[in-house]
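Worksheet: the structure to be examined is printed underneath.
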Amino acid sequence: MSADVRPIAESELPEWLRALNTGFLTPAKVTDSDIAQRAKYTDLARLQGAFDPGTGRCVATLRSFAQELTVPGGAAVAADAISNVTVSPTHRRQGLLSRMLTAELAAAAARGDVVSTLIAAEYPIYGRYGYGPATSLSEWEIEVPRTGLDPRWSGPADGGRIEMADEAEVRRVGPALHERLRAAVHGVVDRDTRWWNLATGLEEMSHRPYQASFHAVYRTASGEVAGLVAYTADDHWSDAKLPQNTVQVKQLIAVSPEAERALWQFLCSIDWVLKVRTGYRAPDDLVTQLLPNPRAARLVTASDFLWVRVLDVVRALRARTYAVPGVLVLDVADPAGPAGGRYRLDAGTGECTRTGEPADLRLDVAALGSLYLGDESAVRLGALGRVTEERAGALALADAVFRTARRPWCPDVF
């Protein structure tokens, strides 16, 4: 008999959490605190489970929640964020993920969500459901003695200042700073109160205990908070009793180049620190070029990150802005979803409508998701066979229209 896939009842939450831990290879016991937190912060109607008819045990999980995603130009669109997707090892290859995602995407379209988003743990899975990688990330390891930075640096030269902060101060100033960031940087998603509570140790999950961090804020000359960093440090000494510590950045957000520059220089000026790990940044992040010797920053991670699945093409394309004017007719294939059809985009006016005009480009909805935030090249997708050019020059025009001067960045795992 096939498993019963459905939203869970409140009484099934402990069993759902057990299945979640099993799927993520996390043997931590489900505690009363875990259950209470999930019940407090989760819309149970958006938790799906698959239940084995023979044992009654939950064998697959999926959670969704409301999210806002910043698109090029600064507008935010309603997103159906997908997380906590697991299938127990005893029930793989039985179509459970397909059943859960099909139901979730239909519900998201009915709610009026513009896109769906997720962070893909494995690359090959989600393209089948119309998701495309829409942002990328990079992480660097900076060898501090080789940066060329002035070792005597003691603070910003622009009149601003850097102050250490405790967790309570971060909870007080962080949310407003992040709101300013996501109004300016496409790819950023919103953060709720629980995000800040978990990031500062006010709350924690049993399988992911809070790791105490150092926090620092950058204030402008007028006292306004324009940057924030959280970091940890190890405790490593050489045989010759020389400190060789590494700083790991957990988050660094800044709303001005001055704040960003000051925070990176601050991290590279901390006594006893030999290396700085930047955490996940946009591939075109300023950090390497802020160093007099950029070769001191060694790339250690480069990968896809946020994946986007367009649900409402008209609203999605109307929401963002475009680098150059131009008209494109896109024929979007979405056999299993709501986005299929032919659309006329006027990048000069930002208008998008359904149309019967001949197509300039043919692509599937996953390719549209990759183009949506401006990170991917239409010409590159054409060379890969994922976009078909029906009118000469349309690929080059799409590249100019969709690409953005700075690459999108999503700072958050969810």
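The values are calculated or read from the model by the stated rules, or taken from the named source; none is laboratory data. This one's a predicted model, so the numbers in the text were calculated from it and none came from an experiment. All Cβ positions, even for glycine, are placed from backbone atoms using ideal geometry, and neighbour counts span all protein chains on display. Protein only, heavy atoms only, side chains kept; ligands, DNA and RNA dropped before computing areas. Shrake-Rupley method; radii C 1.70, N 1.55, O 1.52, S 1.80 Å.
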Yes/no for R180 being in contact (Cβ under 8 Å) with a residue 40 or more places away in the chain, assigned to a loop (DSSP other than H, G, I, E, B) and among the basic types (K, R) | no
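Can you tell me which residue in the stretch 78-115 is least open to solvent (accessible area, probe 1.4 Å), limited to those that are assigned to a loop (DSSP other than H, G, I, E, B) and out of contact with any Leu (no Cβ under 7 Å at 6 or more places or on another chain)? I'd like the intermediate steps shown before the answer.
We begin by selecting, within the stretch 78-115, every residue assigned to a loop (DSSP other than H, G, I, E, B); these are 88, 92-95, 112-114.
Then keep just the ones that are out of contact with any Leu (no Cβ under 7 Å at 6 or more places or on another chain); that gives 88, 92-95, 112.
Details: S88: 8, R92: 129, R93: 203, Q94: 105, G95: 34, G112: 24 Å².
Here the residue is S88.
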Can you find even one residue in the stretch 264-279 that is at pLDDT 95 or above, in contact with a Cys (Cβ under 7 Å, 6 or more places away or on another chain) and closer than 29 Å to D234 by Cβ?
-> yes
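Quick check on my filter: what residues within the stretch 131-184 are basic (K, R) and open to solvent by 50 Å² or more (accessible area, probe 1.4 Å)?
Going through the stretch 131-184, the residues basic (K, R) turn out to be 146, 152, 161, 171-172, 180, 182.
R146, R152, R161, R171, R172, R180 - these are the residues of the stretch 131-184 that are basic (K, R) and open to solvent by 50 Å² or more (accessible area, probe 1.4 Å).
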For the stretch 183-212, how many residues meet the condition of being touching a residue at least 60 places away in the same chain (Cβ under 8 Å) and on the phi > 0 side of the Ramachandran plot?
-> 1
When the stretch 40-77 is examined, which residues are found to be open to solvent by 30 Å² or more (accessible area, probe 1.4 Å), aliphatic (A, V, I, L, M) and within 30 Å of R407 (Cβ to Cβ)?
-> A66, A75, A76
Residue pairs within 8 Å by beta carbon, gap of at least six or interchain, first lying in the stretch 81-108 and closer than 22 Å to G337 by Cα and at pLDDT 95 or above, second acidic (D, E) and not in a strand (DSSP E or B), listed first then second, are I82/E104
Keeping to the stretch 262-282, report how many residues are touching a strand residue (DSSP E or B) at 6+ places or on another chain (Cβ under 9 Å), surrounded by 15 or more Cβ atoms within 10 Å (Cβ to Cβ) and in a loop (DSSP other than H, G, I, E, B).
-> 6
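Are there any strands (runs of 3 or more DSSP E) wholly within the stretch 1-75 with 1 or more residues that are in contact with a Gly (Cβ under 8 Å, 6 or more places away or on another chain), and if so which?
Numbers: elements: 4-7, 47-51, 58-70.
Where strands (runs of 3 or more DSSP E) fall fully within the stretch 1-75 and carry at least 1 residues being in contact with a Gly (Cβ under 8 Å, 6 or more places away or on another chain), they are 4-7, 58-70.
Mind listing whichever residues of the stretch 292-310 are open to solvent by 10 Å² or more (accessible area, probe 1.4 Å) and in contact with a strand residue (DSSP E or B) (Cβ under 7 Å, 6 or more places away or on another chain)? Reasoning before the result, please.
Filtering the stretch 292-310 down to residues open to solvent by 10 Å² or more (accessible area, probe 1.4 Å) leaves 292-295, 297-305.
Selection gives A297, R298, L299, V300, T301, A302, S303, D304, F305.
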Hey, could you check the stretch 7-17 for residues that are farther than 21 Å from L198 by Cβ and of a type outside the set (S, T, Y) and say which is least open to solvent (accessible area, probe 1.4 Å)?
-> I8
Only one of these conditions is not met by D34: (1) open to solvent by less than 50 Å² (accessible area, probe 1.4 Å); (2) more than 26 Å from D190 (Cβ to Cβ). Which number is it?
-> (2)
By residue number, the members of the stretch 318-351 that are within 23 Å of A184 (Cβ to Cβ) and modelled with pLDDT under 95 are A323
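Among the residues that make up the stretch 376-385, is at least one of them of a type in the set (G, A, S) and closer than 15 Å to W307 by Cβ?
No, because not a single residue in the stretch 376-385 is of a type in the set (G, A, S) and closer than 15 Å to W307 by Cβ.
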Which of the residues spanning the stretch 1-58 are among the acidic types (D, E) and within 24 Å of S98 (Cβ to Cβ)?
-> D4, E12, E15, D43, D52
